[in-house]
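Here the structure comes first, spelled out in structure tokens, and everything after it is commentary.
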Amino acid sequence: MKPKHIFNSILAVLFVFPLMGTFAQQAANSGSIEVVTTFDYPGAGVVTTSPQKINERGDIVGEFIDSSGVVRGFVRFSDGSFSAPIVDPNDTVGFTEGRGINNSGTVCGDYTTSDGESHGFFLSGGTFTEYDVPGAVNTAVLGINNAADFAGNFDPGTGILQALISVGGTITSFSVPGAVQTNAYQINNSEQLVVGYYVDSSGIPHGYYRDANGALHFPIDPSGSTATILFGDNDRNWVVGRYADSSGATHGLFFTAPNNFFTFDYPGSTFTSLNGINDQGFITGRYGDPSMPGIAHGFIARVRGTPPTKAARPEMKAHNSRPAR
């Protein structure tokens, strides 16, 4: 990961805010998303806390940034306690991100070295295992399921990030046609759905999903969106992410294929991001408050019933991303 990308990643999590309310928008007798609690990684000097994924046990992986700009991974366990900061032993610049966690407690993520390149890792039982796509300039592992299948991205040396998934040890790479960047953020336990986002030639992010047949469905954009990102999914094929609108506000996004969505805004916040969801419908993410710029806080929410979704913009294309036989 180049220094510019590191800076952009830090900026991306510095939209942010404490707990004020409990309920998202809801329709009577239909469903809602309700806030359960908020949290911050403990310790002096923590500027932002950015949860990423949540497993079926309720353990959450994420990253925090301190006042000097150092990025470290963490796990918040289901009992509310926290791990020590996660630092890959090969991280030489103070940039290690926790990205995914499965039920066995295996954590995946990425770190950066002094040459500006990013590398993937897995952490299990206190042992780090490094992971790089052979020949790649940059690799990031962004999500892992209970079978240890994983999703991420890599740069083969062209400067254009490609998505990757590993299922049963077999790696498949793919890109949305015409995209300058494609990211795979999560593969669910049933291996039926991969979600992520891509960046088009104009620099605008759009969501996509890859179905069990290898078809890519894109763009996934709620009406009024100027930028859409999908981060996580579960075995109900419920998907979470965020989208921005023309006013500059960023909304949490609950999406169900093929094109229905529900907007969730943390009460009083102009920035909400839903990053991970488990099979019980627990969601983790972060939110921001204009009165506390640059300060991020994590939260846990839960889906109750079935939120009243509405149609997104029409899907424009589907593309077979299975490798040629």
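The values are calculated or read from the model by the stated rules, or taken from the named source; none is laboratory data. As the structure is a computational prediction, the values presented were derived from the model and not from experiment. As a convention, Cβ positions derive from the backbone with ideal geometry for all residues, glycine included, and neighbour counts pool all protein chains shown. Accessible surface is based on the protein model in full, side chains and every heavy atom, while ligands, DNA and RNA are left aside. Shrake-Rupley method; radii C 1.70, N 1.55, O 1.52, S 1.80 Å.
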Note the listed values (i) 128; (ii) 245; (iii) 321, then indicate which one is volume of the Cα convex hull per residue in Å³ calculated from this particular structure. (i)
Structure-based [θ]222 nm, the chain - -39500 (n - 2.57) summed over DSSP H runs of at least 4, per residue, nearest 500: -1000 deg cm²/dmol
All-pairs Cα distance distribution in region 175-269, expressed in whole percent, bin size 5 Å: 3, 15, 26, 25, 18, 10, 3, 1, 0
Once ligands and nucleic acids are excluded and a 1.4 Å probe is used, how much of V137 is accessible, expressed in Å² to the nearest 10? 40
For T96, T38, T170, write out the residues from largest to smallest accessible area, computed with a 1.4 angstrom probe and no ligands counted. T170, T38, T96
For the pair T170 and V87, how long in nm is the line joining their label points, each one 7 Å along Cα→Cβ? 4.1
Compare D79, D235, D155 by solvent-accessible area with a 1.4 Å probe and give them largest first, with all protein chains kept in place. D79, D235, D155
With label points set 7 Å from each Cα along the Cα-to-Cβ direction at D115 and V180, the distance between them in nm comes to 2.5
Relative contact order (percent, whole number), the chain, Cα cutoff 8 Å, 6+ residue spacing: 19
Which stretch or stretches of region 245-289 have amide N atoms under 17 Å from the point lying 7 Å from S190's Cα along the Cα→Cβ direction? 255-260, 277-282
Return the FRET efficiency for the residue pair R57, A249: r is the Cβ-Cβ distance, R0 is 22 Å, and the value is rounded to the nearest 0.05. 0.10
Quick check for me: using +1 on Lys/Arg Cβ and -1 on Asp/Glu Cβ, what's the dipole size of the chain about its Cα centre, in debye to the nearest 20? 640
Dipole of the chain [Lys/Arg +1, Asp/Glu -1 at C-beta], most positive-end residue of G294, A215, G73: A215
